[in-house]
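The values are calculated or read from the model by the stated rules, or taken from the named source; none is laboratory data. Because the structure is predicted, anything quoted here is derived from the model rather than measured. No Cβ is skipped: glycine too gets one built from the backbone with ideal geometry, and neighbour counts run over all protein chains shown.
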Amino acid sequence: MAEHKNIHHDAIQLYEVIRITEGIPVFLEDHLDRLYHSAQLTGMERLPDPDSLAAMIKKYISSQNQLTGNIKLSFSFSDSASEPLCELNFIPHYYPIKDEYTNGVRVGLLKAVRPIPHAKVQNSGIRERANKAISDNCLFEVLLIDSERNITEGSRSNVFFIKNETLYSTPVENILQGITRLKVVQICKKAGIQVVESAIPVDSLDQYEAAFLTGTSPKILAIASIENIFYKTDLPLLIKIQELYDKMIEDYLLLNF
């Protein structure tokens, strides 16, 4: 498997961004499962086996002598290449500061639909539009709106809403299931917290008490506002889920140390 820095512009690129904590790739198995699922959905299945990929990632982290950060693993498929081109490196990241976890972040809206929502495929068009909206309006993230004016997911995150001790989120079949989102669902199931998957119309956003983003870098991050709608950032259920997720990571690190 070749490692290559010059990815073809006309190629399909599958990728995963994995958080490294204390030199350990957090939830590595889940990330690799999603990578293979994306490859299946796009018909790009010429990947190394999971054990080889895991070994390559761990060897790379060790060689860089970097214990914290995000790595991006990508495979580029092109008709002109006999095998997928692989790129693996640490990439710039931003982890929210304490004040953002406490007071939440500002979020906007963007009309956009991913062509293959279940596959983690590089989509430069949506990314560029999202980055512009975030920069122009001093936002942390934008939530995508589909053709039926329902919230689907963030441009680089998933989103949950809270009302009456229940979590609400867009049905998983309509989005890219983030690893952090998956873990939140697992946490809630174990803790007896109800999670309802249903359409989230834009017009219903003012009906919820709280909302939060989930993602590799932000982990579980309270939303202070979506456009001109404001949410509680100190809701006990939200804080409980944040604490349970941090404990899940702590347990994972202990098991994989």
| request: Determine the pairs where a residue that is without any contact (Cβ under 8 Å) to a residue 40 or more places away in the chain, located within region 109-120, has a partner that is β-branched (Val, Ile, Thr) with Cβ atoms under 7 Å apart, the partner being 6 or more residues away or on another chain. | output: 111/145
| field | Per-region count, region 41-80, residues surrounded by fewer than 14 Cβ atoms within 10 Å (Cβ to Cβ) and either not in a helix (DSSP H, G or I) or not assigned by TED's automatic domain parsing to the domain that holds residue 24 (or both) | value | 10
| request: For residue 58, indicate whether it is among the basic types (Lys, Arg) and under 19 Å from the mean Cα position of the chain (by Cα). | output: no
| If you check 179, 151, 134, which single one turns out to be crowded, with 19+ Cβ neighbours inside 10 Å, modelled with pLDDT of 95 or more, in contact with a His (Cβ under 7 Å, 6 or more places away or on another chain) and aliphatic (A, V, I, L, M)? | 179
| note | Per the filter on region 176-234, residues assigned to a helix (DSSP H, G or I), under 21 Å from the mean Cα position of the chain (by Cα) and not aliphatic (A, V, I, L, M) are 180, 181, 183, 186, 188, 189
